[in-house]
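Have a look at the structure below, then the notes.
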Amino acid sequence: MSLPLLEIQRLNKSFGRVVAAHDIDLIFEPGVLTSIIGPNGAGKSTLINLLSGSIHPDSGSIFFEGQDITRLPIHRRVKMGLCRSFQVVNVFPELTVFDNARIPLLALRKRAHGLFRPVGGEKDVHREVLEVLERVGLPAEAGTTASALSHGDKRLLEVGIALAAGPKLLFLDEPTAGMNPVERSKILENIRSLSREGKTTFVIVEHDMDIVFSLSERVIVLHHGVVIGDGTTEEIRNSPRVREVYLGEEVPS
Ligand code: ADP
Ligand code: MG
């Protein structure tokens, strides 16, 4: 049997008296489009922060392709293929869409080839940038200044930039936050087809239930830092515990 992409064992994290992650055990297999849901303050962002390395757990372990990464800094995880996007938009507004994608691609090449070696032909970079823009549905916007993009297209650009690093696993924290319905369906279609390409496994934090249920192959439900549901959309929809937490339904346990 092959190793799981990511495995978490008994992960714990508290902030003072707030327990943001409590004994979390999870396994992520490659190619499974997964959503993490839960009420505000459930610990969703904390989990992503722990997995991507911006904070460290109080106890527990994280394995990426079998390797213990619990204490590795962010950049080492990125190099291994574990990346994230942030809840806030993060592009250079005064640069074109093309340059926004080009800068991180150049940086990646430098990292891969060493700082003082030639970074390869400008033509190759040009082609790669266009590929990135095509993958996220923005080829026509290459010459547009990023500040002129719609909010949704800025987020798509960010996803494109994150994908340019060729991650094996990509966490997206609320990718549809602040988007209108048209932008939402555009980014969702993109995530769906990128997931089908099979190069990158997506794990998404999302609060819109319609999106979660239409997109995900697996749903993980957090509540007070505890995993209270983990299964297919059908299983989650029918879970008494999840219904209780979300809908305040009285469910006998
Ligand atoms: P979610 O993303 O599900 O809304 P978070 O992971 O952001 O939830 O937060 C989980 C809990 O941990 C909340 O009660 C939040 O206030 C607390 N928390 C998160 N980050 C910090 C921090 N850096 N310092 C103190 N408390 C935090
Ligand atoms: Mg959050």
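Every number here is computed from the coordinates shown, using simple stated rules; none is lab data. These numbers were taken from a predicted model, which means no experiment stands behind them. Cβ placement follows ideal geometry from the backbone for every residue including glycine, while neighbour counts extend to all protein chains displayed.
A few notes on this one:
- Tilt relative to the chain, helix 181-197 - C-alpha long axis, 0 to 90 degrees, to 10: 90
- 19 Å Cα-Cα reach of Lys168 towards lysines, excluding residues that sit fewer than 8 places from it in its own chain: Lys79, Lys199
- If a spin label sat at a point 7 angstrom from the Cα of Asp210 along the line to its beta carbon, the backbone N atoms of the stretch 173-204 nearer than 12 Å would be those of 180-185.
- Were the residues from Gln9 through Ile27 laid out at 0.36 nm apart, the gain over their Cα-Cα distance would be 5.6 nm.
- Estimated at 0.36 nm per residue, the fully extended path between Glu122 and Glu235 surpasses their Cα-Cα distance by 35.7 nm.
- Taking each residue as 0.36 nm, the span from Leu130 to Ile74 lengthens on full extension beyond its C-alpha to C-alpha distance by 17.4 nm.
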